[in-house]
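Step one of this worksheet: look at the structure below.
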Amino acid sequence: MSDGGLAARVGGSVGAFDRVQWNALAGPGNPFVSHEFLTALEDSGSVGAGTGWQPAPLVIKEDDGPLLAAMPAYLKGHSQGEYVFDHSWADAFERAGGSYYPKLQIAAPFTPATGPRLLLADEALARPLLAAAEQLCLQNQFSSAHATFIEPAQQTLFEEAGWMLRSDIQFHWHNRDFADFDGFLASLASRKRKDLRKERAAAQADVSIKRLRGDDIHPEHWDAFWHFYQDTGARKWGTPYLTRAAFDLFGERMGDRLLLVLAFQDGEAIAGALNFIGGDALYGRYWGCTRDVRFLHFELCYYQAIDAAIELGLSRVEAGAQGGHKLARGYEPVETVSAHWIADPGFRAAVEDFLERERAGVAADRNYLATRTPFRKT
């Protein structure tokens with residue numbers, strides 16, 4: 001695929017491309033589109049053969065010049081690990097005699113965090129990059145292409161290219177220049193403020209909590225966290241998405257962008273939460289425990305994240321998918337957006353009609369949830 005000297009090509013892995021060039025396009029703000037994160041998934045076997053996530057990154061470059069545009073993309077044989085659910089679309093298309101899989105997924109695998117999906121040296125390259133994705137689908141008879149958790153600044157690029165937008169809701173915490181956690185508490189209604197203090201006191205009563213970064217995270221910490229992650233993954237998904245090796249590679253390649261929060265009883269780690277540090281956000285990703293301690297999940301995943309975001313001067317915490325219980329703990333409803341391109345005109349029209357009706361319901365839910373935040377009413 002080429003256009004005026006520019007050539008679009010599909011790679012077999014992100015690791016096939018130069019790290020410095022890829023990261024120059026990705027920028028420093030979002031850890032999940034970095035060369036280090038994406039290649040850690042590849043090199044650990046978390047994506048690739050047998051996983052249903054076959055790396056197929058798309059890039060644009062000119063002859064032997066540097067990368068000018070890129071997108072992390074995957075050939076998907078299922079709809080697992082995406083957090084934007086299209087199972088009903090797949091069922092409908094299959095019943096109509098079509099083949100929904102494979103499809104093209106433009107995403108950070110297993111990561112419901114907003115970020116750039118088009119890595120561009122120049123915004124004018126957005127359209128040819130998306131056209132290359134469409135052409136890849138048409139040439140290989142893929143049913144569709146999907147870009148999930150697109151950062152707000154890039155949503156119009158997909159819309160202008162004719163991709164259909166879909167909305168959903170997440171809960172994010174926003175830092176309103178709080179000096180510390182008490183400053184955040186002061187913004188809450190009195191009863192809610194008391195509830196959060198009680199939860200923190202109960203969670204911390206019988207454990208000691210450590211926040212670890214970089215070289216402070218040792219192999220024994222990853223061993224403990226792997227047990228926590230497996231327990232949560234087995235209960236939520238049946239099989240954990242990440243391999244044990246992925247955590248070692250995260251630590252080796254991006255340890256300074258990790259925040260591992262562990263809870264200890266009698267010197268033994270019993271629970272943990274792993275966060276990734278972005279340019280202006282803390283991203284809560286994985287959690288697990290081997291002992292049940294009341295409110296410890298809230299403490300490690302939400303309150304420790306707020307503490308850390310304030311200390312690091314970050315503007316928000318993205319605490320992952322779903323979870324209405326986050327609302328009472330100061331996390332507010334925000335819109336997340338995905339974009340979808342469908343090859344079959346009839347199927348596209350049906351999905352477009354579905355999305356129009358769905359958007360109205362999602363907007364109503366978001367407006368209602370916004371009235372239920374725990375903050376003091378003015």
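The values are calculated or read from the model by the stated rules, or taken from the named source; none is laboratory data. Bear in mind that the values here come from a model prediction, so they are computed numbers and not experimental data. Here Cβ is always computed from backbone atoms with ideal geometry, including for glycine, and neighbour counts include all displayed protein chains. Ligands, DNA and RNA are excluded from the accessible area calculation, which covers all protein heavy atoms including side chains. Shrake-Rupley method; radii C 1.70, N 1.55, O 1.52, S 1.80 Å.
Can you give the local net charge around Gly15? Use residues other than it whose beta-carbon is closer than 9 angstrom to its beta-carbon, Lys and Arg +1, Asp and Glu -1. If you can, show how the numbers build up before the last one.
On the way: positive: Arg19; negative: Glu42, Asp43.
Residues close to Gly15 contribute a combined charge of -1.
Heavy atoms only, probe 1.4 Å: what % of the accessible area of the chain goes to carbon and sulfur, would you let me know?
Details: 7720 of 16120 Å².
The C+S portion of the solvent-accessible surface of the chain is 48 percent.
Stretched out straight at 0.36 nm per residue, the stretch from Ala96 to Glu220 would grow longer than its current Cα-Cα span by 39.5 nm. Here segment 189-215 is scanned for amide nitrogen atoms under 18 Å from the site 7 Å beyond the Cα of Arg294 along Cα-to-Cβ, giving 192-208.
Between segment 52-122 and segment 240-273, how many Å separate their Cα centres? Centre-to-centre distance over Cα atoms comes out at 27 Å.
By the helix-only formula, in which each DSSP H run with n ≥ 4 contributes -39500 (n - 2.57) and the sum is divided by residues, the chain has a 222 nm mean residue ellipticity of -11000 deg cm²/dmol.
Could you tell me the calculated FRET efficiency between His325 and Lys210, based on Cβ-Cβ distance and R0 = 25 angstrom, to the nearest 0.05? Between His325 and Lys210 the formula returns 0.50. Each Lys or Arg adds one and each Asp or Glu takes one away; over the other residues whose Cβ falls under 9 Å from the Cβ of Ser143, this sums to 0.
Could you tell me whether segment 193-344 comes out rounded, prolate or oblate from its Cα gyration tensor? Rule is a ≥ b ≥ c as square roots of the eigenvalues, rounded for a/c under 1.5, then prolate if a/b exceeds b/c, otherwise oblate.
Values: a/c = 1.43, a/b = 1.13, b/c = 1.26.
Because its axes are fairly even, with a/c under 1.5, segment 193-344 counts as rounded.
Between Glu252 and Arg191, residue separation times 0.36 nm minus the direct Cα-Cα distance comes to 17.6 nm. Matching the structure-derived Rg/Rh (Cα atoms, Kirkwood Rh) against the labelled list [x] 1.02; [y] 0.97; [z] 1.21 gives the label [y]. One decimal place: the segment Arg348-Arg244 gains 33.5 nm when fully extended, by the rule 0.36 nm per residue minus the C-alpha distance.
Cβ under 15 Å from Gly361's Cβ, Gly361 left aside: what net charge do those residues give with Lys, Arg +1 and Asp, Glu -1?
On the way: positive: Arg166, Arg357, Arg359, Arg366; negative: Asp168, Glu335, Asp353, Glu356, Glu358, Asp365.
Overall, the nearby charge balance is -2.
Using a probe of 1.4 angstrom and keeping all protein chains present, the accessible surface of segment 177-312 works out to 45 square angstrom per residue. The simple Förster model, with R0 at 41 Å and r as the Cβ-Cβ distance, assigns Ala364 and Ala124 a FRET efficiency of 0.65.
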